[in-house]
Structure formats: C-alpha cells, structure tokens
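To start, the structure itself, in structure tokens.
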Amino acid sequence: MGEWQEISGGVTAPRGYKAAGIAAGLKPSGAMDLALIVSDVEAIAAGVFTMSQVTAACVDYCRQRLLSSTSARAIFCNAGQANASTGNQGWLDAMESAMMLGQALNISSDSVLLASTGVIGQRIKMDSLKAGIPKLVESLSENGSDAAAKAIITTDLVTKSIALETTIHDKPVRIGGISKGSGMIHPNMATMLAFVTCDAAVSPALWQEMLSRAADKSFNAITVDGDTSTNDSLIALANGQSRTPAITEMTAEAKKLEAMLTTVCQHLAKAIARDGEGATCLIEVQVRGAINERAALQIAKTIAGSSLVKSAIFGRDPNWGRIAAAAGRANVPFEQSDLRIQMGDFVLMEKGQPLEFDRKAANEYLKKTAEASSLPKDVVATNNSNDLTVDRKTVKIQTIDNPVIIAVSVGNGKGEGKAWGCDLSYDYVKINAEYTT
C-alpha cells in the first residue's frame with residue numbers, strides 16, 4: 001500500500017486513544033447505540049460538516065466549538081435519533097450531553113465533540129443516554145474500536161474501519177478511522193459520520209487543511225442516492241503521541257501524512273458507497289483529460305450519481321449512452337469529439353464515436369464484478385427502520401477492491417478525478433419507503 005501498511009485497531013491503533021460502544025436503549029432494537037472515542041491528552045481537532053442549510057444540533061455544536069478552540073479530548077456519538085430539526089430543546093440536549101460526558105471523564109465539556117445519527121425530527125432519548133454514560137466510560141478500551149464502529153451504525157449492513165501505519169522521522173505514525181453511512185449519501189458530505197484519529201503532532205490550521213482536502217477526494221466524491229443529510233460530520237483528532245516533531249508546514253513529511261489520511265478517508269468513503277441501501281456492487285468512475293482536477297471530479301460525480309447509470313449497472317446493462325449523457329450534463333465544457341468511454345476492459349466509445357463491442361461479454365463482466373464484490377451471504381439484507389439495525393449483522397467490509405470500473409476521457413487536459421457510487425436496486429425503494437413506518 002505504498003509508503004504505509006494496513007494494521008489492525010481502527011481508531012485505537014494510533015497511540016493514546018481508547019474507544020467504546022454500548023447499548024443504552026436509544027434504539028428500540030436494543031442494538032448498540034452509544035459510541036465514545038477518547039484521547040489520553042488534548043488533541044488537535046478538525047472537522048468537515050454537512051453543507052445542508054438544515055443542520056442537526058450536534059453539527060451546530062461542533063462548528064461552534066471548533067471556532068473557539070482547535071483542540072478536543074473526546075468524540076461522543078449517539079445512534080437512533082438524529083436530533084435534527086428539534087428546535088431549542090434539541091440544542092439544550094446536545095449541550096447537556098457534552099456536559100454529562102465531560103463530568104464522567106473529568107474533562108471540560110468544551111473538550112467534547114458530538115455526533116448524532118438516526119431519524120430526523122427525533123430528540124435524543126436523554127434518560128437512556130444519561131444512564132448509559134457511566135457504562136460507556138467504564139467500557140473504554142485500547143481495543144474498543146470495533147465496538148464503537150458497531151454503535152454508530154443505523155441502516156448499514158456492515159461496519160467500516162481501517163488503520164494505517166507509516167514512518168516519519170524514523171518513528172511509526174498511525175492513522176485510524178471508523179465511519180457509518182448507507183443511505184441519504186451525496187457529495188457535500190452525505191448521511192455519514194466518520195471519525196479519524198492520528199498520533200502525529202500537526203498544527204491546527206494545517207490539520208484542518210489536510211482534512212478538508214482529504215474530504216474532497218473521498219467523502220465528497222461518493223454518492224448513493226443524491227440526498228445530502230442534516231448530520232454529516234467528519235471529525236479528526238491528532239494527539240502527538242507518536243512523539244515525532246510537530247508538522248507545521250507542507251514539508252515532505254506533511255505530504256506523506258496527508259496522503260495516508262486521504263487513503264484512510266477514501267477507504268471509509270468507498271465502504272459507505274458499497275454499503276449503499278439495497279446496493280449490489282460498488283462503482284468507480286475515473287475521469288481524465290479535463291481542464292483541471294475540479295472539472296474531472298465534477299464529471300465523475302455526475303456519472304456516479306446518475307440514476308440511469310446506476311440502474312443500468314444493476315441490470316448488468318453496458319449502456320454507454322447513459323454514461324455519455326451524464327458526462328455531457330456535468331456543466332463542464334469539453335469537445336464531444338474527445339469523449340472516450342470504457343467499462344472494465346471494454347472500450348465503448350472513442351473520439352466521440354460508438355464502437356462495436358461484445359455486449360454479452362460486457363454483461364458478463366458486470367455480473368462477475370458484482371458477484372466478486374457481493375457481501376457475505378449471512379448478512380441479512382432486510383430493514384426494520386423503526387429499530388435501525390435490529391436484524392442486521394455487522395461484518396468487516398472486504399468488498400471495496402472489486403468495483404465496476406467506468407473510465408472516461410474528455411480531452412488532453414491534466415485534470416483527473418475519481419468518484420464512487422453504487423447501483424440502484426429495487427431494495428433501495430423498499431428500504432426508504434418503509435423507513436419510519
């Protein structure tokens with residue numbers, strides 16, 4: 001994996017972090033629903049949040065905290081109720097949550113960052129949360145990442161986690177992450193939560209810049225259904241416990257760290273796209289030849305988000321016309337005569353002209369790729385959204401390295417970009433038609 005290697009441990013792989021996840025009764029199913037990540041020391045904190053004008057109390061809270069302080073000790077997440085569109089009482093609930101956790105950890109509430117996920121319009125079940133905090137704190141462990149990953153999911157079929165290690169100044173440096181997300185996923189941050197931990201020492205401004213750039217190449221480059229949520233949060237902590245010299249400018253070491261951070265975020269983002277509600281496969285759209293990276297990414301995201309493209313992939317139909325149409329409406333200028341489209345090994349269009357290709361073989365490519373990236377058969381693919389994961393097993397996702405590849409070229413420019421999505425199946429409609437009923 002380049003200059004780093006994958007290790008176990010998720011968010012507790014970096015030095016100086018503990019995590020926990022418990023069932024506190026916020027979900028009617030009795031599934032795990034409270035998660036906590038704690039740094040042993042104050043850590044530099046950065047965040048990227050939803051672009052929606054309707055925001056959850058936790059998002060408003062974190063934005064306010066990060067404006068006044070660039071450090072934090074804890075990330076506290078509840079699953080089951082989004083605490084979005086809950087008015088002033090929802091804000092007071094968020095404040096009380098941070099205060100109660102701070103008291104339990106014997107730290108300032110200002111060192112607590114919050115996240116919530118679940119049904120919009122529902123307040124947090126504060127009695128259950130309050131009763132669960134002591135058990136949550138007692139459960140903190142250097143091996144607690146898997147439990148935390150389970151406690152943040154809602155309609156997800158699988159948990160998402162990763163940890164990587166590299167060497168900086170002859171010392172090991174680690175970055176770990178967990179995330180959740182399955183539906184209401186679209187660039188501009190999706191219905192997703194992602195928490196990243198790092199044991200390097202990084203200046204606050206640089207850490208925020210790194211995280212924002214990583215988000216643009218990962219969580220802001222995925223789509224499932226074109227809907228952006230109220231609660232999207234990507235929060236990253238860097239606590240310096242690797243004892244490496246502080247990184248304060250874009251040196252070679254900083255670039256190495258940012259590349260590893262981007263890889264962690266891309267892994268988690270692709271895992272979310274693959275776990276899209278009702279999805280049967282991951283789609284990766286690669287675009288090159290655009291005037292710049294932003295233009296390439298815009299074309300890639302438009303193709304990945306096209307309902308017609310997604311439906312064709314679900315039907316294993318190599319319908320390149322839908323890809324061409326999506327590229328053309330991406331609001332990025334290019335010459336039609338420069339358009340080239342390839343799916344897997346099959347070149348479907350060259351220099352704006354359709355090519356003869358083996359349609360049956362292309363259909364088989366789509367079938368075999370979907371089979372290769374299918375989730376384990378024992379993962380239950382049904383949804384009871386009132387309970388939010390009552391019947392869903394959680395397994396580590398291993399299927400993101402076998403996507404359907406759509407490669408598009410639009411010219412001779414230097415701009416390149418990638419986006420990830422999933423196919424659109426019958427089950428997506430069923431899951432969301434029954435979400436609160």
query = Out of (1) modelled with pLDDT of 70 or more; (2) buried (at least 16 other Cβ atoms within 10 Å of the Cβ), what's the single condition that is false for Tyr426?
reply = (2)
inquiry  = Going by what's in this entry, would Lys27 be described as of a type in the set (D, E, K, R) and buried (at least 24 other Cβ atoms within 10 Å of the Cβ)?
reply    = yes
ask   = Could you list, in sequence order, the residues of the range 85-138 that are at pLDDT 95 or above, part of a strand (DSSP E or B) and not small (Gly, Ala, Ser)?
value = Val112, Leu113, Leu114
ask   = Filter the range 12-49 for residues that are among the basic types (Lys, Arg) and at pLDDT 95 or above; which is nearest to Pro204 (Cα to Cα)?
value = Arg15
query = When the range 84-99 is examined, which residues are found to be among the hydrophobic types (A, V, I, L, M, F, W, C) and open to solvent by 20 Å² or more (accessible area, probe 1.4 Å)?
reply = Trp91, Leu92, Met95, Met99
ask   = aliphatic (A, V, I, L, M), open to solvent by less than 30 Å² (accessible area, probe 1.4 Å) and within 24 Å of Ser29 (Cβ to Cβ): does that describe Ile120?
value = no
ask   = Mind checking whether some residue in the range 59-70 is more than 16 Å from Glu138 (Cα to Cα), among the β-branched types (Val, Ile, Thr) and buried (at least 19 other Cβ atoms within 10 Å of the Cβ)?
value = yes
inquiry  = Please go through (1) within 23 Å of the chain's Cα centre (by Cα); (2) open to solvent by 10 Å² or more (accessible area, probe 1.4 Å) for Asn78 and return the number of the only condition it doesn't satisfy.
reply    = (2)
inquiry  = Among the numbered criteria (1) more than 23 Å from Arg65 (Cα to Cα); (2) modelled with pLDDT under 95; (3) open to solvent by 10 Å² or more (accessible area, probe 1.4 Å); (4) polar (S, T, N, Q), which one does Thr223 miss?
reply    = (3)
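Residue-wise test of (1) in contact with an Asp or Glu (Cβ under 9 Å, 6 or more places away or on another chain); (2) modelled with pLDDT under 95.
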| residue | (1), (2) |
| --- | --- |
| Ser373 | yes, yes |
| Pro376 | no, yes |
| Val379 | no, yes |
| Thr382 | yes, yes |
| Thr389 | yes, yes |
| Arg392 | yes, yes |
| Val395 | yes, yes |
| Asp401 | no, yes |
| Val408 | no, no |
Scan of the range 124-150 for residues that are under 20 Å from Lys180 (Cβ atoms) and open to solvent by 80 Å² or more (accessible area, probe 1.4 Å), ordered by number = Lys125, Asn143, Asp146, Lys150
request  = Name every residue in the range 109-150 that is farther than 15 Å from Ala56 by Cβ and touching a Lys or Arg at 6+ places or on another chain (Cβ under 8 Å), in order of residue number.
outcome  = Asp110, Ser111, Val112, Leu140, Ser141, Glu142, Gly144, Ala149
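The values are calculated or read from the model by the stated rules, or taken from the named source; none is laboratory data. What you are looking at is a predicted structure, and each value in this text was computed from that prediction instead of being measured. Heads up, the Cβs are rebuilt from the backbone with ideal geometry, glycines too, and the neighbour counts pull from every protein chain shown. Protein only, heavy atoms only, side chains kept; ligands, DNA and RNA dropped before computing areas. Shrake-Rupley method; radii C 1.70, N 1.55, O 1.52, S 1.80 Å.
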